[in-house]
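Comments concern the structure below.
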Amino acid sequence: ALLVAKSSFGSGGSKKGNPADVIELTSSIFDKEVLDSKDMWLVEFYAPWCGHCKKLAPEWASAASTLKGKAKLGAVDATQFPDLAQRYGVRGYPTIKYFPAGAKLDAEEYDGGRSAGDIVQFVENKLEQFAEPPEIRELLNDDVFTEECREKSICIVSILPDILDTGAKGRNEYLETIKAMGDKYKKRKFGWVWSFAGEQDKLEESLELGGAGYPALAAVNVKKNAVLHHRGGFSKDSINEFLQYVIAGRIAPSVLRKEVPKLRKATPWDGQDGQLPVEEDYSDLDDIELEPLKTEL
(Lines give C-alpha, C1' and ligand atoms only; values in the text may rest on other atoms or scores of the structure.)
Protein backbone atom coordinates (compact mmCIF):
# COMPACT_ATOMS: atom_id res chain seq x y z
CA ALA A 1 0.00 0.00 0.00
CA LEU A 2 1.16 3.47 -0.81
CA LEU A 3 0.95 4.82 2.71
CA VAL A 4 1.96 1.89 4.92
CA ALA A 5 4.92 2.66 7.18
CA LYS A 6 7.35 -0.17 7.71
CA SER A 7 8.62 -0.97 11.17
CA SER A 8 11.57 1.18 12.12
CA PHE A 9 13.56 -1.98 12.52
CA GLY A 10 13.25 -3.12 8.92
CA SER A 11 12.99 -6.77 8.04
CA GLY A 12 13.14 -8.30 11.50
CA GLY A 13 16.83 -9.18 11.49
CA SER A 14 16.96 -11.32 8.35
CA LYS A 15 19.84 -9.37 6.85
CA LYS A 16 23.44 -10.45 7.28
CA GLY A 17 24.93 -8.75 10.29
CA ASN A 18 28.30 -7.20 10.97
CA PRO A 19 30.06 -8.97 13.89
CA ALA A 20 31.69 -5.64 14.73
CA ASP A 21 28.27 -4.38 15.84
CA VAL A 22 28.41 -6.83 18.76
CA ILE A 23 30.33 -5.17 21.60
CA GLU A 24 32.84 -7.42 23.34
CA LEU A 25 32.59 -6.79 27.07
CA THR A 26 35.21 -7.38 29.74
CA SER A 27 35.23 -7.10 33.54
CA SER A 28 37.03 -3.76 33.38
CA ILE A 29 34.49 -2.02 31.12
CA PHE A 30 31.23 -3.84 31.88
CA ASP A 31 29.88 -1.47 34.52
CA LYS A 32 30.72 1.67 32.56
CA GLU A 33 29.47 0.37 29.21
CA VAL A 34 26.33 -1.40 30.40
CA LEU A 35 25.23 -0.45 33.91
CA ASP A 36 26.11 3.24 33.72
CA SER A 37 24.62 3.78 30.26
CA LYS A 38 21.10 4.89 29.41
CA ASP A 39 20.90 2.39 26.55
CA MET A 40 19.00 -0.87 26.45
CA TRP A 41 21.36 -3.85 26.40
CA LEU A 42 21.15 -7.55 25.61
CA VAL A 43 24.29 -9.37 26.75
CA GLU A 44 25.22 -12.88 25.67
CA PHE A 45 27.42 -14.94 27.99
CA TYR A 46 29.20 -17.57 25.91
CA ALA A 47 32.03 -20.07 25.86
CA PRO A 48 34.27 -20.44 22.78
CA TRP A 49 33.82 -24.23 22.70
CA CYS A 50 30.00 -24.07 22.94
CA GLY A 51 28.23 -25.34 19.81
CA HIS A 52 24.98 -23.53 20.53
CA CYS A 53 26.97 -20.31 20.98
CA LYS A 54 28.57 -20.74 17.55
CA LYS A 55 25.11 -21.28 16.05
CA LEU A 56 23.82 -18.13 17.75
CA ALA A 57 26.74 -15.92 16.64
CA PRO A 58 25.48 -14.93 13.14
CA GLU A 59 21.95 -14.36 14.47
CA TRP A 60 23.35 -12.21 17.28
CA ALA A 61 25.38 -10.16 14.80
CA SER A 62 22.38 -9.74 12.51
CA ALA A 63 20.21 -8.52 15.36
CA ALA A 64 22.97 -6.17 16.54
CA SER A 65 23.20 -4.59 13.09
CA THR A 66 19.44 -4.29 12.72
CA LEU A 67 19.07 -2.69 16.14
CA LYS A 68 22.04 -0.35 15.81
CA GLY A 69 21.11 3.02 17.23
CA LYS A 70 18.12 1.53 19.08
CA ALA A 71 19.67 -0.95 21.50
CA LYS A 72 23.08 -2.48 22.10
CA LEU A 73 24.05 -6.12 21.96
CA GLY A 74 27.13 -7.29 23.81
CA ALA A 75 29.00 -10.53 24.40
CA VAL A 76 30.99 -11.80 27.37
CA ASP A 77 33.43 -14.70 27.12
CA ALA A 78 32.47 -16.34 30.41
CA THR A 79 35.63 -18.49 30.40
CA GLN A 80 37.76 -15.33 30.41
CA PHE A 81 35.58 -13.31 32.79
CA PRO A 82 34.02 -15.80 35.22
CA ASP A 83 33.39 -13.00 37.73
CA LEU A 84 30.76 -11.51 35.42
CA ALA A 85 29.19 -14.90 34.78
CA GLN A 86 29.02 -15.53 38.53
CA ARG A 87 27.56 -12.09 39.23
CA TYR A 88 24.64 -12.81 36.88
CA GLY A 89 24.12 -16.45 37.81
CA VAL A 90 25.19 -17.93 34.48
CA ARG A 91 25.01 -21.73 34.62
CA GLY A 92 24.95 -22.66 30.96
CA TYR A 93 25.84 -21.32 27.52
CA PRO A 94 24.68 -19.28 25.83
CA THR A 95 22.85 -17.26 28.48
CA ILE A 96 21.33 -13.92 27.48
CA LYS A 97 20.57 -11.15 29.96
CA TYR A 98 18.37 -8.13 29.32
CA PHE A 99 19.27 -4.74 30.83
CA PRO A 100 16.55 -2.09 30.37
CA ALA A 101 17.14 1.44 29.17
CA GLY A 102 17.75 3.94 31.95
CA ALA A 103 18.48 2.82 35.49
CA LYS A 104 19.63 -0.80 35.65
CA LEU A 105 18.84 -2.21 39.08
CA ASP A 106 18.95 -5.81 37.93
CA ALA A 107 19.17 -7.97 34.81
CA GLU A 108 16.34 -10.04 33.41
CA GLU A 109 16.81 -13.47 31.87
CA TYR A 110 16.01 -13.53 28.16
CA ASP A 111 14.18 -16.75 27.37
CA GLY A 112 12.89 -15.91 23.89
CA GLY A 113 13.78 -17.41 20.54
CA ARG A 114 17.36 -17.44 19.29
CA SER A 115 16.83 -16.21 15.73
CA ALA A 116 17.69 -12.64 14.78
CA GLY A 117 14.01 -11.99 14.13
CA ASP A 118 13.04 -13.19 17.60
CA ILE A 119 15.70 -11.03 19.24
CA VAL A 120 14.71 -7.94 17.23
CA GLN A 121 11.02 -8.49 18.04
CA PHE A 122 11.82 -8.74 21.75
CA VAL A 123 13.69 -5.43 21.70
CA GLU A 124 11.04 -3.79 19.51
CA ASN A 125 8.34 -4.76 22.01
CA LYS A 126 10.39 -3.40 24.91
CA LEU A 127 11.04 -0.14 23.10
CA GLU A 128 7.35 0.22 22.36
CA GLN A 129 6.46 -0.52 25.98
CA PHE A 130 8.78 2.12 27.42
CA ALA A 131 8.93 4.66 24.60
CA GLU A 132 7.85 8.22 25.22
CA PRO A 133 4.71 9.19 23.32
CA PRO A 134 5.33 11.51 20.37
CA GLU A 135 4.90 15.24 20.68
CA ILE A 136 1.73 16.56 19.06
CA ARG A 137 3.07 19.72 17.42
CA GLU A 138 1.16 22.80 16.39
CA LEU A 139 1.91 23.87 12.83
CA LEU A 140 3.58 27.15 13.69
CA ASN A 141 5.94 27.29 10.72
CA ASP A 142 7.28 25.33 7.78
CA ASP A 143 10.09 23.78 9.86
CA VAL A 144 7.54 21.89 11.94
CA PHE A 145 5.88 20.49 8.83
CA THR A 146 9.25 19.51 7.36
CA GLU A 147 10.38 17.67 10.51
CA GLU A 148 7.11 15.88 11.13
CA CYS A 149 5.79 15.29 7.61
CA ARG A 150 8.36 15.76 4.87
CA GLU A 151 11.03 13.80 6.78
CA LYS A 152 8.79 10.98 8.05
CA SER A 153 7.00 8.25 6.16
CA ILE A 154 3.57 9.25 7.41
CA CYS A 155 2.23 12.20 9.35
CA ILE A 156 -1.20 12.60 10.84
CA VAL A 157 -2.54 16.10 10.20
CA SER A 158 -5.47 17.38 12.28
CA ILE A 159 -7.27 20.64 11.54
CA LEU A 160 -9.39 21.64 14.53
CA PRO A 161 -12.27 24.11 14.67
CA ASP A 162 -11.64 27.77 15.43
CA ILE A 163 -11.22 28.46 19.15
CA LEU A 164 -14.37 30.59 19.09
CA ASP A 165 -16.33 27.49 18.10
CA THR A 166 -14.96 25.17 20.80
CA GLY A 167 -13.42 27.20 23.58
CA ALA A 168 -10.30 25.99 25.36
CA LYS A 169 -12.13 23.02 26.89
CA GLY A 170 -13.31 21.70 23.53
CA ARG A 171 -9.95 22.20 21.88
CA ASN A 172 -8.14 20.41 24.70
CA GLU A 173 -10.53 17.48 24.36
CA TYR A 174 -9.63 17.19 20.68
CA LEU A 175 -5.91 17.42 21.51
CA GLU A 176 -6.25 14.72 24.17
CA THR A 177 -7.83 12.43 21.57
CA ILE A 178 -4.88 13.04 19.22
CA LYS A 179 -2.37 12.48 22.05
CA ALA A 180 -4.02 9.18 22.95
CA MET A 181 -3.68 8.00 19.36
CA GLY A 182 -0.07 9.19 19.24
CA ASP A 183 0.69 7.13 22.33
CA LYS A 184 -1.10 4.07 20.97
CA TYR A 185 0.79 4.20 17.67
CA LYS A 186 4.16 5.48 18.97
CA LYS A 187 5.89 2.38 17.61
CA ARG A 188 4.98 3.51 14.08
CA LYS A 189 7.06 6.71 14.32
CA PHE A 190 4.34 8.80 12.70
CA GLY A 191 4.58 12.57 12.74
CA TRP A 192 1.66 14.27 14.52
CA VAL A 193 0.70 17.88 13.76
CA TRP A 194 -2.32 20.13 14.20
CA SER A 195 -3.64 23.53 13.30
CA PHE A 196 -7.07 25.14 13.26
CA ALA A 197 -9.53 26.22 10.62
CA GLY A 198 -8.07 28.77 8.25
CA GLU A 199 -4.75 29.24 10.04
CA GLN A 200 -2.84 27.28 7.38
CA ASP A 201 -5.42 27.64 4.62
CA LYS A 202 -3.00 26.89 1.78
CA LEU A 203 -2.11 23.56 3.43
CA GLU A 204 -5.80 22.74 3.87
CA GLU A 205 -6.35 23.47 0.19
CA SER A 206 -3.39 21.30 -0.85
CA LEU A 207 -4.53 18.36 1.30
CA GLU A 208 -8.22 18.93 0.44
CA LEU A 209 -8.84 18.94 4.15
CA GLY A 210 -11.51 20.76 6.13
CA GLY A 211 -13.89 21.55 3.29
CA ALA A 212 -16.57 19.30 4.79
CA GLY A 213 -16.21 20.85 8.23
CA TYR A 214 -14.00 20.67 11.29
CA PRO A 215 -12.34 18.87 12.96
CA ALA A 216 -10.71 17.10 10.02
CA LEU A 217 -7.92 14.53 9.98
CA ALA A 218 -5.77 12.91 7.30
CA ALA A 219 -2.76 10.61 6.97
CA VAL A 220 -0.22 12.13 4.61
CA ASN A 221 2.80 10.69 2.83
CA VAL A 222 4.51 13.73 1.34
CA LYS A 223 7.30 11.72 -0.29
CA LYS A 224 4.76 9.67 -2.24
CA ASN A 225 2.45 12.63 -2.82
CA ALA A 226 -0.44 10.75 -1.22
CA VAL A 227 -3.16 11.44 1.31
CA LEU A 228 -5.85 9.42 3.06
CA HIS A 229 -8.82 11.32 4.51
CA HIS A 230 -10.56 10.23 7.68
CA ARG A 231 -14.29 10.31 6.99
CA GLY A 232 -15.57 9.32 10.44
CA GLY A 233 -16.06 11.13 13.72
CA PHE A 234 -13.23 12.63 15.76
CA SER A 235 -13.33 9.97 18.49
CA LYS A 236 -10.62 7.60 19.67
CA ASP A 237 -12.48 4.56 18.34
CA SER A 238 -13.14 6.09 14.94
CA ILE A 239 -9.59 7.40 14.46
CA ASN A 240 -8.13 4.13 15.73
CA GLU A 241 -10.14 2.20 13.13
CA PHE A 242 -8.99 4.60 10.42
CA LEU A 243 -5.30 4.21 11.38
CA GLN A 244 -5.61 0.43 11.41
CA TYR A 245 -6.96 0.59 7.88
CA VAL A 246 -4.10 2.90 6.87
CA ILE A 247 -1.48 0.52 8.27
CA ALA A 248 -3.14 -2.52 6.69
CA GLY A 249 -3.42 -0.76 3.32
CA ARG A 250 -7.19 -1.23 3.22
CA ILE A 251 -7.95 2.29 2.04
CA ALA A 252 -6.90 3.57 -1.37
CA PRO A 253 -4.97 6.84 -1.06
CA SER A 254 -5.65 9.92 -3.12
CA VAL A 255 -2.91 11.68 -5.04
CA LEU A 256 -2.26 15.24 -3.95
CA ARG A 257 -3.42 17.44 -6.81
CA LYS A 258 -1.63 20.51 -5.49
CA GLU A 259 1.92 20.76 -4.24
CA VAL A 260 2.19 21.19 -0.47
CA PRO A 261 3.05 24.88 0.02
CA LYS A 262 5.52 26.44 2.40
CA LEU A 263 3.68 27.11 5.62
CA ARG A 264 3.44 30.59 7.03
CA LYS A 265 4.51 31.50 10.55
CA ALA A 266 1.69 31.33 13.06
CA THR A 267 1.19 32.46 16.64
CA PRO A 268 1.08 29.55 19.11
CA TRP A 269 -2.19 28.95 20.92
CA ASP A 270 -2.01 30.39 24.43
CA GLY A 271 -4.31 27.74 25.88
CA GLN A 272 -7.06 30.27 26.55
CA ASP A 273 -10.57 30.73 25.24
CA GLY A 274 -10.89 32.86 22.14
CA GLN A 275 -11.81 36.52 22.30
CA LEU A 276 -14.27 38.12 19.93
CA PRO A 277 -12.85 41.05 17.97
CA VAL A 278 -13.36 44.36 19.71
CA GLU A 279 -16.06 46.32 17.92
CA GLU A 280 -15.77 50.05 17.38
CA ASP A 281 -17.67 51.98 20.00
CA TYR A 282 -20.07 54.50 18.41
CA SER A 283 -21.98 55.27 21.58
CA ASP A 284 -20.62 58.80 21.85
CA LEU A 285 -21.65 60.02 18.38
CA ASP A 286 -24.14 62.39 19.98
CA ASP A 287 -21.24 64.39 21.39
CA ILE A 288 -19.65 65.04 18.00
CA GLU A 289 -20.21 68.56 16.71
CA LEU A 290 -21.20 68.44 13.07
CA GLU A 291 -20.97 71.38 10.72
CA PRO A 292 -24.37 72.51 9.47
CA LEU A 293 -25.20 71.41 5.97
CA LYS A 294 -25.08 74.19 3.42
CA THR A 295 -28.04 74.37 1.15
CA GLU A 296 -28.21 76.24 -2.09
CA LEU A 297 -31.29 78.18 -3.03
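For a quick protection proxy, order the peptides 72-79, 168-175 by their average other-Cβ count within 10 Å, most packed first.
Numbers: 72-79: 21.8, 168-175: 14.9.
The most tightly packed comes first, giving 72-79, 168-175.
Please say if the chain is rounded, prolate or oblate, where rounded means a/c under 1.5 for a ≥ b ≥ c the square roots of the C-alpha gyration tensor eigenvalues, and otherwise the choice is prolate for a/b larger than b/c and oblate otherwise? All intermediate terms of the calculation are to be shown ahead of the outcome.
Working: a/c = 3.79, a/b = 2.67, b/c = 1.42.
Since a/c reaches 1.5 and a/b is larger than b/c, the shape of the chain is classed as prolate.
If you bin every alpha carbon distance in the stretch 120-233 into 10 Å steps from zero, what whole percent lands in each bin?
14, 45, 31, 9, 1
Any chance you could give the angle, 0 to 90 degrees and rounded to 10, that helix 163-184 forms with the longest Cα principal axis of the chain?
10 degrees
Counting alpha carbon pairs within less than 8 Å and at least 6 residues apart, what relative contact order, in whole percent, applies to the chain? Spell out each step's value before the answer.
On the way: 476 pairs, mean separation 59.6, N = 297.
It comes to 20 percent, rounded to a whole number.
Which whole-Hz ³J(HN,Hα) couplings does the stretch 214-223 yield from phi under the Karplus relation 6.51 cos²θ - 1.76 cosθ + 1.60, θ = phi - 60°, glycine and proline marked x?
Per residue, the Karplus-derived 3J(HN,Hα) values read 10, x, 9, 9, 8, 9, 10, 10, 5, 4 Hz.
Can you tell me the 0 to 90 degree angle between the C-alpha axis of helix 51-66 and the longest principal axis of the chain, rounded to 10?
With rounding to tens, the tilt is 20 degrees.
With a 1.4 Å probe and every protein chain kept in, tell me what percent of the accessible surface of the chain is carbon plus sulfur. Let's see the in-between values first.
Values: 8430 of 17350 Å².
So the carbon and sulfur contribution to the accessible surface is 49 percent.
Of the peptides 43-49, 258-264, 232-238, how do they stack up when ordered by the mean number of other Cβ atoms within 10 Å, highest first?
On the way: 43-49: 19.3, 258-264: 14.0, 232-238: 12.4.
Listed from highest to lowest mean packing, they are 43-49, 258-264, 232-238.
Amide H neighbours of Arg137 under 5 Å, at least 5 residues apart or on other chains, H built in the peptide plane: list them.
The answer is Trp192, Val193, Trp194.
So what J values fall out for the stretch 240-248 if you push phi through Karplus, 6.51 cos²θ - 1.76 cosθ + 1.60 with θ = phi - 60°, rounded to Hz, Gly and Pro as x?
Running phi through 6.51 cos²θ - 1.76 cosθ + 1.60 with θ = phi - 60° gives 4, 4, 4, 5, 5, 5, 4, 5, 7 Hz.
Roughly how far apart, in whole Å, are the Cα centres of the stretch 226-275 and the stretch 122-189?
About 10 Å separates the Cα centre of the stretch 226-275 from the one of the stretch 122-189.
Once you have the Cα-Cα distance between Lys169 and Ser27, take 0.36 nm times their residue separation minus that, and quote the gain in nm to one decimal.
On the way: separation 142, 0.36 × 142 = 51.12 nm, distance 5.65 nm.
Between Lys169 and Ser27, full extension yields 45.5 nm more.
Take the cross-link list Lys68/Lys179; Lys187/Lys265; Lys169/Lys258; Lys70/Lys97; Lys126/Lys152; Lys72/Lys186 and give me the ones stretching past 24 Å between alpha-carbons.
Lys68/Lys179; Lys187/Lys265; Lys169/Lys258
Measure nothing but the geometry: give the 0 to 90° angle between the long axis through the Cα atoms of 116-130 and the longest principal axis through the Cα atoms of the chain, rounded to 10°.
50 degrees
Using θ = phi - 60° and the Karplus form 6.51 cos²θ - 1.76 cosθ + 1.60, what ³J(HN,Hα) does each residue of the stretch 131-140 get, whole Hz, x for Gly and Pro?
Values, residue by residue: 5, 6, x, x, 6, 8, 9, 6, 7, 8 Hz.
Mind checking which lysines have their Cα closer than 17 Å to the Cα of Lys54? Skip sequence neighbours fewer than 8 apart in that chain.
Within reach: Lys16.
Around Tyr185, which amide H atoms from residues at least 5 apart in sequence, or from another chain, sit under 5 Å from its own amide H, with H modelled in the peptide plane?
The answer is none.
Taking only protein heavy atoms into account and a 1.4 Å probe, give the accessible area per residue of the chain in Å².
For the chain, the solvent-accessible area averages 58 Å² per residue.
Mean residue ellipticity at 222 nm from the helices of the chain, using -39,500 (n - 2.57) per DSSP H segment of n ≥ 4 over the full residue count, to the nearest 500 deg cm²/dmol?
Values: 7 runs with 83 residues, N = 297.
Per the formula, -8500 deg cm²/dmol.
Hey, can you rank 99-106, 112-119 by average C-beta count inside 10 Å, highest first? If you can, show how the numbers build up before the last one.
Numbers: 99-106: 13.5, 112-119: 18.1.
Ranking, from highest mean packing down: 112-119, 99-106.
The values are calculated or read from the model by the stated rules, or taken from the named source; none is laboratory data. What you see is a predicted model, and the numbers here were worked out from it, not measured in a lab. No Cβ is skipped: glycine too gets one built from the backbone with ideal geometry, and neighbour counts run over all protein chains shown. Heavy atoms of the whole protein, side chains included, go into the accessibility calculation; ligands, DNA and RNA do not. Shrake-Rupley method; radii C 1.70, N 1.55, O 1.52, S 1.80 Å.
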